[in-house]
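Beneath this line is the structure, given in structure tokens, with notes to follow.
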Amino acid sequence: MTALDPTRLVLVLVEPQQPGNIGAACRAMANFGVQQLRLVNPCNHLAPEAVKFAVSASPLLGQAERFSDLPAALADLHFSVALTRRLGRLRGQPEELPRLPGKLARLPSASRIALVFGREDMGLTTAELMACSSAATIATPGDKGSLNLAQAVVVTLYELTRSAPAVVDTPAAALALPNHQQIESLMRPVEELIDRIGYSNPSRPEVIPAALRRLLARALPDPAEINLLRGLVEQLSQSVQDWPGKRRG
């Protein structure tokens, strides 16, 4: 039995609007041993308010990496969890937070894991959630469903670092996971092929790619398997004719 190593975690905040929330998130990171912060189009994360709320964890503010969009922030990471309260067909059914440690225990020990939090006023968009490997939610029985951004970070890190799921034996063939950039290198030609063969619904072209992404996240393929699938898709793309008939939908 072992708890998740916090140094494997990367905290990703998407367009945070309040410097104080960034600072408070840094303090939570220091509390639980998380060392990496990535910010997507943030407000001024070095503002005095951020430094004030970070307290002794203010060095994490200076070390934070900034990105222009979420896919860029996730590119070199192997697995990502979007924290969300919103449901929807494309958003899937998020795991309740207490179940997340067991899910992450299945991942190879070298995998780097992103915890992705959205904006204070609207959270993550559907497109941003679809860019992540999985989703989780913090169940709250009160009248207000959503937590403050910094509070959500504290609760999530506490749950992940206190839990001690059983160690899962990882098959030798699955000692590594592809990173997000490698997954995208497969999904781009897949989406193009889906469109070429007329299998997409023009009014909802994102539905099938979203389902395939969820399938890949559950299957946990290794990089060699991703390369195999990409080669197959590229060969199919060279072989098939564009679909001339009526499309689905």
- Query: Only one of the listed values, (i) 61, 35, 31; (ii) 80, 57, 27; (iii) 62, 40, 36, was derived from the coordinates as Cα extents along the principal axes in Å; which label is it?
  - Reply: (iii)
- Message: Pick from V81, V207, V153 the residue whose mean-square fluctuation is largest in a GNM of the chain, springs joining Cα atoms under 10 Å.
- Response: V207
- Expected max-MSF residue from S203, S146, S109 in the GNM of the chain (alpha carbon, under 10 Å) is S203
- At a 1.4 Å probe, what is the % contribution of carbon and sulfur to the accessible area of segment 1-98? 51 percent
- Query: With Rg and the Kirkwood Rh both taken from Cα atoms, where does Rg over Rh land for segment 26-150?
  - Reply: 0.95
- Using a simple spin-label model with points 7 Å from Cα along the Cα→Cβ vector, what separation in nm is obtained for Q238 and D222? 2.6 nm
- Message: Projecting each Cα onto the charge dipole of the chain (Lys/Arg +1, Asp/Glu -1 at the beta carbon, about the Cα centre), which of L157, C26, I226 comes out farthest on the positive side?
- Response: L157
- Task: Report the one residue of P42, T7, T84 whose Cα lies farthest in the direction of the positive end of the charge dipole of segment 1-127 (charges on C-beta: Lys and Arg +1, Asp and Glu -1; origin at the Cα centre).
- Result: T84
- At R0 = 30 Å the Cβ-Cβ FRET efficiency linking N148 and V55, nearest 0.05, sits at 0.95
- Task: Whole number in Å², please: accessible area per residue of the chain, 1.4 Å probe, ligands, DNA and RNA not counted.
- Result: 51 Å²
- Query: Against the longest alpha carbon principal axis of the chain, how many degrees, from 0 to 90 and to the nearest 10, is the axis of helix 19-32 turned?
  - Reply: 90 degrees
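The values are calculated or read from the model by the stated rules, or taken from the named source; none is laboratory data. Worth saying up front: this structure is predicted, and the values here are computed from it rather than measured. Reconstructed Cβ throughout: ideal geometry from the backbone, glycine too, with neighbour counts over all protein chains shown. Only protein heavy atoms, including side chains, enter the accessible area calculation; ligands, DNA and RNA are left aside. Shrake-Rupley method; radii C 1.70, N 1.55, O 1.52, S 1.80 Å.
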